[in-house]
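So the structure is just underneath, and the comments pick up after that.
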């Protein structure tokens, strides 16, 4: 009878995937809370009609961010001696840059605060989780 022990690499992959999944769902409670608090969650971008921020948009955007984080983490940690540090710096810069569109949209203050909190929720799961993986 032979047993196989999972390698560290497969264990790390599993951990990274769970972290990414957690990051995808992290902004949902913020979205729910904002709706319950009465935030309109509609934004208007220059020259565009008003857009409602639904849960599908929250999940899709968080998924895109999680996949970008996962991919860049895999590349940097594999091909760079200081990949973890470089990735952390990249992730923090990406978080800061993600706030830029919030400065250009027309929306209620509560909506902008809720959207910013959703960005932070994704980063709060993704950055420490992938850094440890």
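Since every read-out is calculated from the coordinates, none of them should be taken as a lab result. The shown structure was predicted, so the numbers you read here are calculated from the model rather than taken from an experiment. Positions of Cβ are generated from backbone atoms using ideal geometry, with glycine treated the same way; all protein chains shown enter the neighbour counts.
Reducing region 75-133 and region 20-47 to their Cα centroids gives an inter-centroid distance of 16 Å.
Once C-alpha pairs closer than 8 Å and six or more residues apart are averaged by separation and normalised to the residue number of region 49-133, the relative contact order reads 31 percent.
Axis angle, to the nearest 10 degrees, between helix 55-79 and the longest C-alpha principal axis of the chain: 40 degrees.
How big is the convex hull of the Cα atoms of region 44-109, per residue, in Å³?
Given the Cα convex hull of region 44-109, per-residue volume reads 98 Å³.
On a 0 to 90° scale, report how tilted helix 83-98 is relative to the longest principal axis of the chain, with both axes built from alpha carbons and the result rounded to the nearest 10. So the helix axis and the longest Cα principal axis differ by about 10 degrees.
Across the chain, the volume of the C-alpha convex hull divided among the residues equals 122 Å³ per residue.
Ranked by the mean number of other Cβ atoms within 10 Å of their residues, highest first, the peptides 65-78, 113-126 come out as 113-126, 65-78.
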